[in-house]
Amino acid sequence: MTDAAAPPAVQAEGIVKRFGATVALDRVGITVAAGDSHALVGRNGAGKSTLVSVLTGLQTPDAGRVTFQGAPAPAPGDTAGWQSKVACVYQKSMVVPQLTVAENLFLNRFAPGRIRWSALRARARDLLAEYGVDVDPTALAGDLTVEQRQFVEIARALSFGARFIILDEPTAQLDAAGIQRLFTKLRELRRQGVAFLFISHHLQEVYDLCDTVTVYRDARHVLTAPVAELGKSELVAAMTGESEQAEAAWHAGRSKDAAAAGAGEEAADAVLRAEQLALDGVFEPVDFAVRPGEVLGLAGATASGNTALGETLVGLRRATGGRTLVRGRTVKPGSVPHALGAGIGYVPEDRHRQGLVPGRSVAENATLSVTDQLGPYGTVLPGRTRQFAQRMIDSLDIKTSGPAQPVSDLSGGNQQKVVIARALAREPSVLVAIRPTAGVDVKSKDALLGVVRGVADRGDAAVIVSDELDDLRVCDRVIALFHGRVIAEFGSGWSDRDLVSAMEGLPAGGDEGVEE
Amino acid sequence: MSDTSQLTAETAAPDQRKRGAPRLQVGTYRDLSLIPVIFIVGVVGFIVSPTFLTSDNLLGVLQQCSELSLLVLGEAMILILGRMDLSLESTIGVAPVIAMWLVMPRTGSATYHGIGALPGWTSIPVCLLVGVLVGGFNGFMILKLRVNGFIATLGMLTMLRGLQVGISQGKSIVEVPKSFSYLGGASWLGAPAAIWICLVLFVAGGLALGYLRHGRALYAIGGNKEAARAAGIRVDLVTWTVLAIASLLAAFAGVLYVGHYGAISSTQGQNWIFQVFAATVIGGVSLNGGRGTLFGALTGVVALQLVVNVMTLGGVPPLWDQFLYGAIIIVALIISRFASGEQED
């Protein structure tokens, strides 16, 4: 597919970018051939985002050269020039949700004169059809699913003439079927000569989709190699700079927990128990119990209701039926303070939306749920807050210049650690974590899952709500939801294929409740 | 692995070598950014007029600050919370008028006749209660009916002003009970009582926002409401309480104002909301919520009033006051934009 004679879709050489004293990119390079699907991986802070801003013209490098198809990059600030070369589909949506798809596609480049809506819609329809995107151009962009929105953004980018597209964590918010459709679409586009730079923390996707992989570490280029020639452990080693450690510590407690699991599900010592818990129109009555030392997984795709179930457990949503018990005591429904008081710790789904207060310090964010323990008579003493936060920073190994640093300055993995630190601050009996590793690097992922595992290992319990197989691997037991119903239950011996097909609504016959 | 989450407050402090010193960051000084401005205005005032640096003049300025500052105190808390309340400027007028309406006798020599339903000593409690009710109703509209807070309080601003005009029949109320006018007119320790009271309230508010869990909650809610909710903060309750407190402060400002000027004028507080916002914003409180301090807001009020005072002493005719207010706001906003580096969309 890659024609050796054709100039590369993009070539960057010797790029240096400094922010004050920090070197964000240290003489790095990348070459993406036309029609190539190139993965850029690296831990948080490796310089991926900075490279993306350099390649898309948002930042001007201090040194180095970028060329597109052999021609030098447009001048800084020449937005139209950049748009005709490269586009980036970000994790965050770049469409205007209140406008229609058609208007979004042609925003700020309508035909001259007054806007002819019918012509605009027709053009939009043609454009979408050209790239095989099945979206109604008259629909409001805000009503699209994440996947459709990404297709629209890709189509828009291609319509500018760009033949090089950067995908920044495109699968983070997609369910498995959506990811498959996205991948199919990307493969089609590659046949048309479009090159992709794919940024992902999900290494399996790199193997599924990409031909070439480039690894950055600590602002430096480490290696570029064909994906087929690079083993997973070598890839991880290149990212972390250390040889792979024994398959992550979080599998440690497994055998012990499996033994504990034999104690009988209806035993009164369950830490967390849901009895006929239901939320009308979202999920049907569900029963489960989480025993001490156990991590329960609630698996399910985007609309399966597993997230809503998690949010109901922690009191963000009020159940319409049934009840939640912690150590045998009923928790007042629909009240986060009561859930916290009852001993439920919560790691929310989206740290930007529900987890962090961006302008405030690490200390303040980490202690948000324990402000009643930081001084007498409702006072919050700065000294004690700092101490408390410092202890969390040390115990979770949060990379920060200190408790006073604004939390928005931290990398994604460390921000997530702050969120988890807060959930652990009250020493919860049960920790409910929704997609705890979304958008963090491999190493942080292991650390975060290790922390969740640790909660169970010290005799408490944890619930992980996720569709990420890596998250669910930590669990002793997994309940799979599909369209608001429990569709299957697995012991720790599930295979990826069975769990994924269960989340897709196809329960595999023989595998249900292996260890029960 | 299991030790990673042992985070109780009673375990010994970890080594503090990483950051033993108290935090000293640029952000800490943002609240003080108006201090040099106030100083410069003072020097200019001294050059412009010898009257400026007299205690009479300065105390006068501070007393003028006092009523405004209470509105600023309330509005600053609401803005930090990420909300907005425009109706404060009407509350300062309507609360005293309702109190007078309830306590003034039906007949008598006074020019204003109320319904005499309550004894005279209740006038201040009634006035404050009206403030709480107004704030409570604002909260009801914003939090329960989920209407837009800006428009809702804009409606309240107009409605309450109309209520005041209706009840007072458009006239100023000159005779008020002694208890009602005492605080605004009294002098303690050589300075108007109002100044001391405002100072105490600002100190109390500042301490509450800095050192009380419910005060810290304001910053969390203003910074990210969803995160605050997920962390177990009772967002609606805190918001409601703050709205009520702010209106209470506005009503109390009404008490001080009446005592200060000896009468309730029908335009009491009219158009103040612009000065309130100006003072709050130049004092470093973010309109987007989650950022700012009450001390900063206080320096905003003082700076604003001092500039006006210096202009007056310098012989700038009062007809230009409005122009000046606007100019000050714009200039201060531009300066603070570059001083703080915080960009608006």
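Values in this text are rule-based calculations from the coordinates and carry no lab data. Given the structure is predicted, the values throughout are model-derived calculations rather than measurements. Every residue, glycine as well, gets a Cβ built from its backbone with ideal geometry; the counts of neighbours run over all protein chains shown.
Across peptide A:454-462, how many C-beta atoms of other chains are within 10 Å of each residue C-beta, on average?
Per-residue shielding by partner chains comes out at 3.
Along the range A:316-322, what does the Karplus equation 6.51 cos²θ - 1.76 cosθ + 1.60 (θ = phi - 60°) give for ³J(HN,Hα), rounded to whole Hz, x for Gly and Pro?
Once θ is set to phi - 60°, the couplings for the range A:316-322 become 6, 10, 9, 4, 8, x, x Hz.
Let's see if you can work this out: charge +1 on each Lys and Arg Cβ, -1 on each Asp and Glu Cβ, no other charges. What is the dipole magnitude of chain A about its Cα centre, in debye to the nearest 20? Provide the component values of the computation, followed by the final result.
Values: 54 positive and 62 negative charges, 404 e Å.
Around 1940 debye, computed over chain A.
Summing -39500 (n - 2.57) over the DSSP H runs of n ≥ 4 in chain A and dividing by its residue number, what mean residue ellipticity at 222 nm do you reach, to the nearest 500 deg cm²/dmol? Let's see the in-between values first.
On the way: 17 runs with 163 residues, N = 516.
Per the formula, -9000 deg cm²/dmol.
Tell me the mean residue ellipticity at 222 nm calculated for chain B from its helices only (DSSP H runs of n ≥ 4, each -39500 (n - 2.57), averaged over every residue, nearest 500). Please list the in-between numbers first.
Numbers: 14 runs with 219 residues, N = 345.
Result for chain B: -21000 deg cm²/dmol, rounded to the nearest 500.
Which order do peptides A:416-425, B:81-90, B:304-313 fall in by mean Cβ count within 10 Å, highest first? All intermediate terms of the calculation are to be shown ahead of the outcome.
Values: A:416-425: 27.2, B:81-90: 25.6, B:304-313: 20.6.
Ranking, from highest mean packing down: A:416-425, B:81-90, B:304-313.
Please state, to two decimals, what the Cα-based radius of gyration of chain A comes to when divided by 2.2 N^0.38 Å (N = residues). Write down the numbers at each step before the final one.
Values: Rg = 24.3 Å, N = 516, 2.2 N^0.38 = 23.6 Å.
This ratio for chain A stands at 1.03.
Round to the nearest 10 and give me the degree value, 0 to 90, for the angle of helix A:176-191's Cα axis relative to the longest principal axis of chain A.
Computed tilt is about 10 degrees.
Taking a ≥ b ≥ c as the square roots of the eigenvalues of the Cα gyration tensor of the range B:52-332, is the shape rounded (a/c under 1.5), prolate (a/b larger than b/c) or oblate? Provide the component values of the computation, followed by the final result.
On the way: a/c = 1.67, a/b = 1.17, b/c = 1.43.
In terms of gyration-tensor shape, oblate.
Looking at B:N138, B:C127, A:A299, which one has the Cα that reaches farthest to the positive end of the dipole of the protein assembly as shown (charges on Cβ: Lys, Arg +1; Asp, Glu -1)?
B:C127
Just counting partner chain Cβ atoms within 10 Å, what average do the residues of peptide B:67-77 show around their Cβ? Kindly include the intermediate steps, with their values, before the conclusion.
Working: counts 0, 0, 0, 0, 0, 0, 0, 0, 0, 0, 0.
Mean shielding count: 0.
Put +1 on the Cβ of each Lys and Arg and -1 on the Cβ of each Asp and Glu in chain A; which of A:A308, A:G484, A:Q83 then has its Cα farthest toward the positive end of the dipole?
A:Q83
Please state the shape class of the range B:135-201: rounded when a/c is under 1.5, otherwise prolate if a/b exceeds b/c and oblate if not, all from the C-alpha gyration tensor. All intermediate terms of the calculation are to be shown ahead of the outcome.
Values: a/c = 3.65, a/b = 1.61, b/c = 2.27.
Oblate.
Under the rule of at least 5 residues apart or a separate chain, name every residue whose amide H is placed under 5 Å from the amide H of A:I166.
So A:I166 has HN proximity to A:A87, A:C88, A:V89, A:L197.
Quote the charge dipole size of the range A:353-452 about the Cα centre in Debye, to the nearest 20; the model charges only the Cβ of Lys and Arg (+1) and of Asp and Glu (-1).
Working: 12 positive and 8 negative charges, 23 e Å.
That gives a dipole near 100 debye.
What order, most packed first, do the peptides B:278-287, A:394-403, A:76-85, A:483-492 have when packing is the mean number of other Cβ atoms within 10 Å of each residue? Don't skip to the answer; put the middle values down first.
Values: B:278-287: 24.0, A:394-403: 18.6, A:76-85: 15.1, A:483-492: 20.5.
Final packing ranking: B:278-287, A:483-492, A:394-403, A:76-85.
Could you calculate the FRET efficiency of A:D126 with A:T224 from 1/(1 + (r/R0)^6), where r is the beta carbon distance between them and R0 is 22 Å, rounded to 0.05?
Numbers: r = 38 Å, r/R0 = 1.72.
After rounding to 0.05, the efficiency reads 0.05.
Would you mind pulling out the separation of the Cα centroids of the range B:241-277 and the range A:375-448, in Å?
43 Å
So which helices of chain B fit the span-like rule, where a helix is a whole DSSP H run, its Cα atoms reach 20 Å or more along the axis, and its mean Kyte-Doolittle is at least 0.5?
B:34-48, B:55-80, B:88-103, B:123-139, B:149-167, B:193-211, B:235-261, B:294-313, B:321-340
For a footprinting-style exposure proxy, rank A:E229, A:E364 by other Cβ within 10 Å, fewest first. Write out the running numbers ahead of the final one.
Values: A:E229 9, A:E364 23.
Final ranking by Cβ density, sparse to dense: A:E229, A:E364.
Starting from the Cα of A:Q180, step 7 Å along the direction of its Cβ; do the same at B:Q64; then give the gap between the two resulting points in nm.
7.5 nm
Using the number of other C-beta atoms within 10 angstrom as an exposure proxy, rank B:C198, A:C210 with the fewest first. Show your work: numbers first, answer last.
Working: B:C198 27, A:C210 23.
Ranking B:C198, A:C210 by Cβ neighbours within 10 Å, fewest first, gives A:C210, B:C198.
Taking each residue of A:355-363 in turn, how many C-beta atoms of other protein chains fall within 10 Å of its C-beta, and what is the average? Show your work: numbers first, answer last.
Numbers: counts 5, 6, 12, 4, 11, 9, 3, 0, 1.
Per-residue shielding by partner chains comes out at 6.
Any chance you could give the angle, 0 to 90 degrees and rounded to 10, that helix A:146-159 forms with the longest Cα principal axis of chain A?
It works out to around 10 degrees.
If a/c stays under 1.5 just call it rounded; otherwise compare a/b with b/c (prolate if a/b is bigger, oblate if not). Do that for the range B:188-345, with a ≥ b ≥ c from the square roots of the Cα gyration tensor eigenvalues. Kindly include the intermediate steps, with their values, before the conclusion.
Working: a/c = 2.09, a/b = 1.35, b/c = 1.54.
Oblate.
Quick check on packing: order A:493-502, A:339-348 by the mean number of other C-beta atoms within 10 Å, highest mean leading.
Working: A:493-502: 17.7, A:339-348: 24.5.
Ranked from most to least packed, the peptides come out as A:339-348, A:493-502.
Hey, can you grab everything whose amide H is under 5 Å from the amide H of A:L272? Only 5+ residues off in sequence or another chain; H modelled, so Pro and N-termini drop out.
Counting only residues 5 or more places away or on other chains, the set is A:V290, A:R327.
Using only Cα atoms, find the angle between the long axis of helix A:382-396 and the longest principal axis of chain A, and express it within 0 to 90 degrees, rounded to the nearest 10.
80 degrees
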